[in-house]
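The values are calculated or read from the model by the stated rules, or taken from the named source; none is laboratory data. This one's a predicted model, so the numbers in the text were calculated from it and none came from an experiment. Note: ideal-geometry Cβ built from the backbone for every residue, glycine included; neighbour counts use all protein chains shown. What goes into the accessible areas is simple: the full protein's heavy atoms, side chains included, and nothing from ligands, DNA or RNA. Shrake-Rupley method; radii C 1.70, N 1.55, O 1.52, S 1.80 Å.
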Amino acid sequence: MGKMKRMLTVVAASTLILTACGSNDSTSEDKHNKQSANHKQSEQQKDKIKYPKDGVKGIYVTPGSLQGEKFDELIKFINETELNAMVIDVKDDSGNITMDLNSDNKLIQKNTTEMVNLKNLMKTLKKNNIYPIARVVTFKDSRLAEEHPEWSFKEQNGQVWESDGGDKFLNPFSKQVWNYDIDVAKAAAKAGFREVQFDYVRFPEGFENMDKHLKYTNGNYKGDDMNHTQQRVDTISNFLKTARKEIHPLDAQISADVFGYSATVEEAPGIGQSFPKIAENVDVISSMIYPSHWNPGDFGIEHPDLEPYKTVDNYLDKEEAVLKKTGKHHPKTRPWLQDFTASYLGEGNYKEYDSKEVSEQIQALRDHGVHEFLLWDASGDYTKGVDYTPDKSKKQSDKSQ
């Protein structure tokens, strides 16, 4: 507000001077255009959804759930709880652009499927004061890998490599890939998303075991002194640094999803994720710390999925230690929590996740002073009756008993 007052004062003073000197028509027109632009920018800022005062507490929502009765149910669910944000696929796991972002990029236009009506979506989110986060699946992109094999990884026979799950990846060393994903992110920010969340911002899992057998360019690192691990870590970190620089002027933040285990090791050598280096280049870091995703024995816990509070509590001890070693920039930490039942782990290794199990994860965050989180359920069926804002520390409570 103070900045606006200063600006208006300068404009008023300039008007007096120009009047005294006898300003010409072109100067008056320039002044009018500038004032109009400032007014338009001020109106746009006023129209944007503000960052939640008590921190982001959000859910992941699939494109298919952003319409009809399902969307109405999710809006009602958020309005009746302390939740306040939605993470929405703008670029999905296959590489589809799920809504018309009005981008000039012809590739983006070509890959747009318009599963979602953007105008209606933003209008509904604004009306319900729901903070919008655009999920951009970055380097996992079968669609673009097939369209541009030279931007991907190839087998010796020239075929585009794909994972055991049938996924194809883009090459993070490719600047063409960088430009494409950053263009998607910028278009999302211009469309009104307040934050762009980069997911799969990494090389394929186990890449260290196959990189020598695949054909791909390592871009600017050719002939570099860095080893392959350092090159992968450096390019992922620099991609996020570049994206942040491009997106901040659009009044949007960036976040990155990372594997939880990347905070427990110096660096994840195959995928190129260094937790501290990523942390230095994003506004928010979101570790996927679902209890079901840890191995038996991790943190000294025989079956992590059976002990949600203890698993999250132990993880945060590790993350806090890593974040203390980062430079001047400290991002917000906003972990992904589990709101699904991992029955695929087999009998004795998992439990049914209901309000108690989800609440325990949130309680562990609270006990570490973390008040932001995101909930994941691929089907969008979120648990009712969860305590999203615990006000008493479980640790302090246990000590007093």
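Taking region 309-345 on its own, how many of its residues are of a type in the set (Lys, Arg), over 14 Å from residue 285 (Cβ atoms) and modelled with pLDDT of 95 or more?
Number satisfying all stated conditions: 1.
Answer yes or no as to whether residue 165 is out of contact with any Lys or Arg (no Cβ under 9 Å at 6 or more places or on another chain), surrounded by fewer than 21 Cβ atoms within 10 Å (Cβ to Cβ) and either touching a residue at least 12 places away in the same chain (Cβ under 8 Å) or part of a loop (DSSP other than H, G, I, E, B) (or both). If you could, list the steps in order and put the result at the bottom.
Numbers: out of contact with any Lys or Arg (no Cβ under 9 Å at 6 or more places or on another chain): yes; surrounded by fewer than 21 Cβ atoms within 10 Å (Cβ to Cβ): yes; either touching a residue at least 12 places away in the same chain (Cβ under 8 Å) or part of a loop (DSSP other than H, G, I, E, B) (or both): yes.
So residue 165 passes the test.
Hey, could you check region 188-204 for residues that are in contact with a strand residue (DSSP E or B) (Cβ under 8 Å, 6 or more places away or on another chain) and assigned to a helix (DSSP H, G or I) and say which is farthest from residue 138 (Cα to Cα)?
189
Are any residues in region 117-149 in contact (Cβ under 8 Å) with a residue 24 or more places away in the chain and over 30 Å from residue 65 (Cα atoms), and if so, which ones?
148
Any idea which residue in region 205-228 is nearest to residue 239 (Cα to Cα), counting only those that are aromatic (Phe, Trp, Tyr) and not in a loop (DSSP other than H, G, I, E, B)? Step through it out loud before you land on a result.
In the first step, residues of region 205-228 are kept if they are aromatic (Phe, Trp, Tyr); the result is 207, 216, 221.
Imposing the further condition that a residue be not in a loop (DSSP other than H, G, I, E, B) reduces the set to 207, 221.
Working: 207: 18, 221: 14 Å.
Taking the candidates together, the pick is 221.
Could you tell me which residue of region 66-83 is most open to solvent (accessible area, probe 1.4 Å), considering only residues that are part of a loop (DSSP other than H, G, I, E, B) and farther than 13 Å from residue 124 by Cα?
Keep residues of region 66-83 that are part of a loop (DSSP other than H, G, I, E, B), which gives 66-67, 80-83.
Filter once more, so that each one left must be farther than 13 Å from residue 124 by Cα: 80-83.
Values: 80: 128, 81: 40, 82: 87, 83: 8 Å².
Across region 66-83, the extreme among qualifying residues is 80.
Scan 339, 257 and give me the residue that is open to solvent by less than 10 Å² (accessible area, probe 1.4 Å), touching a residue at least 40 places away in the same chain (Cβ under 8 Å), within 20 Å of the chain's Cα centre (by Cα) and closer than 18 Å to residue 364 by Cα. I'd like the intermediate steps shown before the answer.
Details: 257 fails: closer than 18 Å to residue 364 by Cα.
From the options 339, 257, the qualifying one is 339.
From the list 301, 271, exactly one residue is open to solvent by less than 30 Å² (accessible area, probe 1.4 Å), among the β-branched types (Val, Ile, Thr) and within 20 Å of residue 376 (Cβ to Cβ). Which is it?
On the way: 301 fails: within 20 Å of residue 376 (Cβ to Cβ).
After applying the criteria, what remains is 271.
What's the number of the only condition in (1) open to solvent by 30 Å² or more (accessible area, probe 1.4 Å); (2) touching a Gly at 6+ places or on another chain (Cβ under 8 Å) that residue 120 fails to meet?
Of (1) open to solvent by 30 Å² or more (accessible area, probe 1.4 Å); (2) touching a Gly at 6+ places or on another chain (Cβ under 8 Å), only one is false for residue 120: (2).
When you look at residue 152, is it under 26 Å from the mean Cα position of the chain (by Cα), at pLDDT 95 or above and surrounded by 23 or more Cβ atoms within 10 Å (Cβ to Cβ), yes or no? If you could, list the steps in order and put the result at the bottom.
Working: under 26 Å from the mean Cα position of the chain (by Cα): yes; at pLDDT 95 or above: yes; surrounded by 23 or more Cβ atoms within 10 Å (Cβ to Cβ): yes.
Yes: the conditions hold for residue 152.
Please verify whether region 221-240 includes one or more residues that are open to solvent by 70 Å² or more (accessible area, probe 1.4 Å) and either in contact (Cβ under 8 Å) with a residue 24 or more places away in the chain or under 29 Å from residue 84 (Cα atoms) (or both).
First pass over region 221-240, keeping only residues open to solvent by 70 Å² or more (accessible area, probe 1.4 Å): 222-223, 225, 227-228, 230.
Of the ones still in play, those that are also either in contact (Cβ under 8 Å) with a residue 24 or more places away in the chain or under 29 Å from residue 84 (Cα atoms) (or both) are none.
For region 221-240, residues open to solvent by 70 Å² or more (accessible area, probe 1.4 Å) and either in contact (Cβ under 8 Å) with a residue 24 or more places away in the chain or under 29 Å from residue 84 (Cα atoms) (or both): absent.
Picking from 283, 211, which residue would you name as being of a type in the set (Asp, Glu), over 25 Å from residue 298 (Cβ atoms) and within 14 Å of the chain's Cα centre (by Cα)?
Just one listed residue meets the conditions, 283.
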